[in-house]
1. I'm spelling it out carefully: the read-out is Rg and Dmax of the Cα atoms in Å, the candidates are (1) 15.5, 50; (2) 10.5, 32; (3) 14.4, 54, and one was derived from this structure. Which label?
2. Using a Förster distance of 25 Å, how high is the FRET efficiency between residue 53 and residue 19, based on the Cβ-Cβ distance and rounded to 0.05?
3. Taking the chain as a Gaussian network, where each spring joins two C-alpha atoms under 10 Å apart, which residue of 43, 13, 22 fluctuates the most?
4. Taking the simple approach of a point 7 Å from Cα along Cα-to-Cβ for both residue 31 and residue 8, what is their distance in nm?
5. Could you check the spin-label model distance between residue 65 and residue 39? Points 7 Å from the Cα along Cα→Cβ, value in nm.
6. Grab the DSSP H runs of the chain that are 4 residues or longer, score each as -39,500 (n - 2.57), total them, divide by all residues and round the 222 nm result to the nearest 500 deg cm²/dmol.
């Protein structure tokens, strides 16, 4: 059960649990920052015009070939 819950997915993407935790945490932080840029852009459209979309495209490129 613990193996299935905590280890199957990291193994599927060829990472240890710790490596996957670091990668996923960094990904979550970047999503948070992209969301913040989009929120600022919603209020002041001349700021961060392409920041969120660029960040998301970069994140997609990093994850599209995993597992």
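Bear in mind that the values in this text are calculations on the coordinates, not laboratory data. Remember, predicted model here, so these are calculated numbers, not experimental data. Reconstructed Cβ throughout: ideal geometry from the backbone, glycine too, with neighbour counts over all protein chains shown.
1. The value computed from this structure is option (1).
2. Numbers: r = 28 Å, r/R0 = 1.11.
Once rounded, the FRET efficiency stands at 0.35.
3. Comparing 43, 13, 22 in the GNM, the peak value goes to 43.
4. 2.0 nm
5. 3.4 nm
6. -22000 deg cm²/dmol
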